[in-house]
Amino acid sequence: MYFTYGKTETDYLKRKCKKLAAVIDAVGPIARKLDDDLFDAVVHHIVGQQISSKAQATIWRRIKENLGPINAQTVLAAGAEKLQAFGIGFKKADYILDFARKVQSGAFDLQAVAHMPDDEAIAALVSLRGIGVWTAEMLLLFCLARPNVFSYDDLAIQRGLRMLYHHRKITKPLFEKYRKRFSPYGSVACLYLWAVSGGAVPGMRDYAPQKTVKGGK
């Protein structure tokens, strides 16, 4: 399953911004996979925090091969030692087990979160140990397929904005200007800003000031 968008969203964004329109035309459609199981997605994001994508993929493969379906029952049955044996640190294993207990007890209602407005869903997800605002926003986008996620805490989005609009720095007020401009299709704008940040459009560069290294020759 992929994040779904089409001509309605891209035409709207192209009307709002000629520079983004040029990027959309140059890059074309972007396919980003979704994880439509919220429990699975929360665990996956906790596993991936502060490690490389390659390491996350390796650990995730071990988990899937050993546990099969990732749900509260299989996670709690595995316990802390087995989770750590997959390559998960003690703290992350504790976060995952705490999440599983809350889901099993009903203290955290996955179905309710899936139907909450964006701000309420983010607040609910952030109440979980190990889940910050950025992670909650990515869960909204890549699990719940919300159309208007635009994350200030995402450094690649900030980089994409600097590259596209020639800014040296993205302040919060400036970011909010772009959030308003791209609403209600901020998620699609993110896809293209990530593409810009990753070098999908030749000739674009980051306008952030270069850090000078003190000392040496």
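The values are calculated or read from the model by the stated rules, or taken from the named source; none is laboratory data. Everything numeric here is computed off the predicted structure, so don't read it as measured data. Note that each Cβ is placed from the backbone with ideal geometry, even for glycine, and that neighbours are counted across all protein chains shown.
Can you tell me which of (1) touching a Leu at 6+ places or on another chain (Cβ under 9 Å); (2) closer than 14 Å to H45 by Cβ; (3) among the small types (G, A, S) is the one S187 doesn't meet?
Here S187 clears every test but (2).
Condition check ((1) in contact with a Phe, Trp or Tyr (Cβ under 9 Å, 6 or more places away or on another chain); (2) buried (at least 18 other Cβ atoms within 10 Å of the Cβ); (3) of a type in the set (S, T, Y)) across all residues:
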| residue | (1), (2), (3) |
| --- | --- |
| G68 | no, no, no |
| Q73 | no, no, no |
| G79 | no, no, no |
| K82 | no, no, no |
| I96 | no, yes, no |
| K102 | yes, no, no |
| S105 | no, no, yes |
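For the condition closer than 23 Å to D154 by Cβ and touching a residue at least 40 places away in the same chain (Cβ under 8 Å), what is the one hit in A41, A57?
That would be A41, the only listed residue that is closer than 23 Å to D154 by Cβ and touching a residue at least 40 places away in the same chain (Cβ under 8 Å).
Given the condition among the hydrophobic types (A, V, I, L, M, F, W, C), touching an Asp or Glu at 6+ places or on another chain (Cβ under 6 Å) and modelled with pLDDT under 95, answer yes or no: does some residue in region 28-42 qualify?
For region 28-42, residues among the hydrophobic types (A, V, I, L, M, F, W, C), touching an Asp or Glu at 6+ places or on another chain (Cβ under 6 Å) and modelled with pLDDT under 95: absent.
Which condition number in (1) closer than 30 Å to L97 by Cβ; (2) modelled with pLDDT of 95 or more; (3) of a type outside the set (G, A, S) is the one that T10 fails?
For T10, the exception is condition (1).
Return the total of residues in region 113-171 being in contact with a Cys (Cβ under 8 Å, 6 or more places away or on another chain) and assigned to a helix (DSSP H, G or I).
Total meeting the criteria: 2.
Let's see how each residue does on (1) assigned by TED's automatic domain parsing to the domain that holds R179; (2) not acidic (D, E); (3) not in a helix (DSSP H, G or I):
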| site | (1), (2), (3) |
| --- | --- |
| K19 | yes, yes, no |
| H44 | no, yes, no |
| I51 | no, yes, yes |
| A55 | no, yes, no |
| E65 | no, no, no |
| Q73 | no, yes, no |
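Out of the residues in region 160-217 that are of a type in the set (D, E, K, R) and modelled with pLDDT under 95, state the one that is farthest from the chain's Cα centre (by Cα).
Ranking the candidates gives K217 first.
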